[in-house]
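Since the structure comes first, as structure tokens, the remarks are kept for the end.
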Amino acid sequence: MTQPTLYLRQAKWFDIDTGPRCPFFVSAALLPPDGEGIRRVASGRGKSRQEARQRCASEAIERLCAIHDRNRTLISASYANVVDKAVNPASFTLFSENQYRSRDEWNATASVGQEWPGPFDPERTIEWASARWLCGREEVLLPAAYAFLGYRHALETGFPVPDSSGLAAGPTMTDAVQYALLELIERDAVSIWWYNRIKREPFIVDHEKMTMFPAFQEWVDFSDRMFWLLDLTSDLKIPVAAAITSDGNGSDISLGFGAGWSAEEAAESAMGELVQFEVTKKMQETSRPHGPRNFISLAKTLTRDIAPYLWPVQENDSLRPRAPSDVVGLLDRLSARLLKPLVLDLSRNGVSVVRVVVPRLRPVWPRFAPGRLFDVPVERGWLATPNAEENLNPLPIIY
């Protein structure tokens, strides 16, 4: 296995220009090829150049530790033979029957890595990694095709190409688990809002607790853009924000999303991601003006007439539900919603890295099986009745 320090030295590092007056810095790295010859990109943002580089290095190490390696100890078995020890793949693949039926049509135009698999066969022998439930710590088997980046047999065995959702590195295992959980909760909330096209209220923050907010607003004004925050907080009560900018006509949309223990932490995370979105958009315009269609290029086509759910509705008198203050409180909230996280330890050479999976939470990708995507909007009073699948947002989030 490649050592993290050697891996970082072999990467090509770049400091990205975020433009005049931007309070966020962005760094990126082109990583060395893995065993399959795939070169990945890591990025990081921060309020200083050093912080951006450190976060980029952290993401690079996540990628390294999660890459499929033939030296890993895996278990070969069918789901039918380990059903009492394994997590049910259907609880996190989350494709609908209609999606399986239409997968050939989707795959004909899908970008590499965004193809849809066929239905999972519980009688087929696949490889499993040994993980553990976060609460209770019992061992549980997680499909290797879902766990490891670059796992070459994912699509043929009924799984989407593995992505980085739920991957996190941190100074300690607890920190890494916390970061991963916040990311998964953020993406679940974004998915519920986006695909149901739910109109949400402004995301309220205390500007006095955000020392960088004036500088951010100055950057927005200097760029001749409009800026606002949407409240995407879901039933899980963790603050989730969408940071959105447009030109003066309400077109050329850019978005960023963030979750945090406080509204201010979520907003700052979303604003930082918004800067990365803007930077990536400008780079694509320069290097690949006619490249593959993705969420960044799609957002440029959105307007208020096409996507009114991107603009805040009038705030009502309800208060944001009280958020859990720590991981223990969050785990209690997840348990109350019958959501059970599992953790795969990917740590290497003293660096804490995890893959966290929470069955039934939604990714941002279009995954339309019954469940939270349809149920939460009705439970929260955002919709009177669940959307039919054919009425969901036809514009997919695809990076």
Next item on the list: Hey, could you check the range 155-164 for residues that are open to solvent by less than 50 Å² (accessible area, probe 1.4 Å) and modelled with pLDDT of 95 or more and say which is nearest to the chain's Cα centre (by Cα)?
Entry: PRO160
Next item on the list: Please work out which one of (1) open to solvent by less than 10 Å² (accessible area, probe 1.4 Å); (2) aliphatic (A, V, I, L, M); (3) assigned to a helix (DSSP H, G or I) is the condition VAL354 fails and give its number.
Entry: (3)
Next item on the list: Please determine, by comparing only the residues of the range 132-145 that are at pLDDT 95 or above, of a type outside the set (Phe, Trp, Tyr) and open to solvent by 10 Å² or more (accessible area, probe 1.4 Å), which one is farthest from ASN81 (Cα to Cα).
Entry: ARG132
Item checked: Sole exception among (1) open to solvent by 10 Å² or more (accessible area, probe 1.4 Å); (2) under 24 Å from SER297 (Cβ atoms); (3) assigned to a loop (DSSP other than H, G, I, E, B); (4) not hydroxyl-bearing (Ser, Thr, Tyr) for GLY250, by number -> (1)
Next item on the list: Output the qualifying pairs, or none if there are none: Cβ atoms under 7 angstrom, residues six or more apart or on different chains, first residue in the range 121-142 and of a type in the set (D, E, K, R), second residue part of a loop (DSSP other than H, G, I, E, B).
Entry: ASP121/GLY158; GLU127/LEU74; ARG132/GLU138
Item checked: helices (runs of 4 or more DSSP H) within the range 1-106 that include 2 or more residues more than 23 Å from the chain's Cα centre (by Cα) and surrounded by fewer than 14 Cβ atoms within 10 Å (Cβ to Cβ) -> 4-10, 49-66, 97-101
Note to self: Restricting to the range 181-207, give me the number of residues that are within 19 Å of the chain's Cα centre (by Cα) and either assigned to a strand (DSSP E or B) or basic (Lys, Arg) (or both).
What the structure shows: 2
Next item on the list: From GLU97, GLU62, GLU115, GLU123, grab the single residue that is of a type in the set (Asp, Glu) and over 30 Å from GLU389 (Cβ atoms).
Entry: GLU62
Note to self: Looking at VAL240, VAL190, VAL205 in this structure, which one is open to solvent by 20 Å² or more (accessible area, probe 1.4 Å), hydrophobic (A, V, I, L, M, F, W, C), within 28 Å of ALA323 (Cα to Cα) and in contact with a Leu (Cβ under 9 Å, 6 or more places away or on another chain)?
What the structure shows: VAL205
Item checked: The listed residue being under 18 Å from the mean Cα position of the chain (by Cα) and within 30 Å of ALA243 (Cα to Cα), out of GLY113, GLY150 -> GLY113
Notebook entry, point to check: Taking into account only those residues within the range 208-237 that are touching a Gly at 6+ places or on another chain (Cβ under 9 Å) and part of a helix (DSSP H, G or I), which is least open to solvent (accessible area, probe 1.4 Å)?
Noted result: TRP219
Margin query: Can you confirm whether ARG49 is within 28 Å of MET271 (Cα to Cα) and in contact (Cβ under 8 Å) with a residue 40 or more places away in the chain?
Written below: no
Margin query: Looking at VAL83, VAL41 in this structure, which one is without any contact (Cβ under 8 Å) to a residue 24 or more places away in the chain, at negative phi and of a type in the set (A, V, I, L, M, F, W, C)?
Written below: VAL41
Check: out of contact with any helix residue (DSSP H, G or I) (no Cβ under 8 Å at 6 or more places or on another chain), closer than 30 Å to GLU218 by Cβ, free of Cβ contacts under 8 Å to residues at least 24 places away in the same chain and not β-branched (Val, Ile, Thr), is that true of SER58?
Finding: no
Margin query: Residue pairs, Cβ under 9 Å, 6 or more apart or interchain, first in the range 155-178 and at positive phi, second among the small types (Gly, Ala, Ser). List them.
Written below: GLY158/GLY118; GLY158/ALA145; GLY166/ALA180
Next item on the list: Answer yes if at least one residue in the range 147-154 is surrounded by 15 or more Cβ atoms within 10 Å (Cβ to Cβ) and part of a strand (DSSP E or B), and no otherwise.
Entry: yes
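The values are calculated or read from the model by the stated rules, or taken from the named source; none is laboratory data. Owing to the predicted nature of the structure, the values given are computational and were not obtained by experimental measurement. Cβ: placed from backbone, ideal geometry, glycine included. Neighbour counts: every protein chain shown. Each accessible area value is taken on the protein alone, full model and side chains, heavy atoms only, with ligands, DNA and RNA left out. Shrake-Rupley method; radii C 1.70, N 1.55, O 1.52, S 1.80 Å.
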